[in-house]
Amino acid sequence: MQPYFVVCGAAVLFAVLLMIRMRLTRSPGSRTVSGIEIGNGQTIGSRSEQDDYFASMTTPVGTLAVVADGISGLANGRMSSTLAVTTFTKAFAKLEDASNLNGYFAETATQSNRGILQNLNGQGGGTTLASVIICGYQLYYGAVGDSLITIYRNGHFQSVNSKHTAETLLEERVLAGQMTSEEAKTSPVRNQLVNYLGYEGFESMELGAAPIRLYAGDHVLLCSDGIQEALTEIELEEIMRKGGTPQEMAEAMIDTINDKGFKSQDNATVVMLAIG
């Protein structure tokens, strides 16, 4: 009978150790989930209100990150960005599988746009939105407005989405010979949004035609335009090359912006996901 009790005792000990390990890996303080480590940084800049809003979450389907930038200069920018991010996270929490993530992006964008318009009730407002879902080593995305999604890989950034601003339309006019490059660069409507949530004419958001393959060591960044306007790509690359955790690098970006002390600094937000 003694060997039997030894085997049972060993089994119980193994089970206890396994439970302890599971509790440690699921600790609320842990920032690493499913091989992805997340960091974020944000500054209000010189604005009187923080119109940026962001969130991230992990479910059995994958990891979601969302950044929304309420349109500055319009009332209800904060409401618009908060409602959009909340709508995206709630809808993601209900997803049971990853079979139609582009459908999730499209449907949730339409729902967000409808909700914002109802809350605006004819007043000015709206928000940009950039969102990604990472399933294993596949990146899915949806974006509208001028908040950008980029991948930092092997020392350089690779843009994922495009800006939905008049700049794109002006560049097309330059190529068509309808205006000069200098006229396009100095146009007062260059940065005007042509598509955003809370827009009566909104039809759809930009979606990836196919998922983007990620690799260990990649960093996926979601940035509001306050990041891009304050920091050059060279400055961003220098911060990334110094290394550190995603939280440390995100905070370094915000510290660099604050140190510059621009009088017209916009709200700035970055969410960074490191692929393990």
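Listing for the model above:
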quantity: Rounded percent of accessible protein surface that carbon and sulfur make up, the range 223-263, 1.4 Å probe; calculated: 49
quantity: GNM top mover of ALA91, ALA230, ALA176 - the chain, alpha-carbon springs below 10 Å; calculated: ALA176
quantity: Span-rule helices in the chain, defined as complete DSSP H runs reaching 20 Å or more along the axis (Cα) with Kyte mean at least -1.0; calculated: 2-25, 77-94, 101-120, 246-260
quantity: Global form of the range 33-275, assessed from the alpha-carbon gyration tensor, a/c cut-off 1.5; calculated: rounded
quantity: Relative contact order of the range 48-115, defined on C-alpha pairs under 8 angstrom at six or more residues apart (%); calculated: 30
quantity: Additional length obtainable on full extension of the chain from GLU200 to LYS260, 0.36 nm per residue less Cα span; calculated: 17.9 nm
quantity: Three-way shape label, the range 185-276, alpha-carbon gyration tensor, a/c 1.5; calculated: oblate
quantity: Probe 1.4 Å, protein heavy atoms only - accessible area per residue of the range 33-275 in square angstrom; calculated: 46
quantity: Cα-projected label distance for GLN158 with GLU171, points at 7 Å along beta-carbon direction, nm; calculated: 1.8
quantity: Centroid-to-centroid separation of the range 100-165 and the range 177-249 [C-alpha atoms, Å]; calculated: 11
quantity: Extension gain (nm, one decimal) between ASN121 and THR245, 0.36 nm per residue minus Cα-Cα; calculated: 40.4 nm
quantity: Partners for LYS260 among lysines (Cα-Cα distance below 21 Å; same-chain residues under 8 apart left out); calculated: LYS242
quantity: Segment ARG114-GLU233, length gained on full extension (0.36 nm per residue, minus Cα span); calculated: 39.3 nm
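The values are calculated or read from the model by the stated rules, or taken from the named source; none is laboratory data. Only a predicted model underlies this, so the values are computations on that prediction, with no experimental measurement involved. Cβ: placed from backbone, ideal geometry, glycine included. Neighbour counts: every protein chain shown. Note: areas computed on protein heavy atoms with side chains; ligands, DNA, RNA excluded. Shrake-Rupley method; radii C 1.70, N 1.55, O 1.52, S 1.80 Å.
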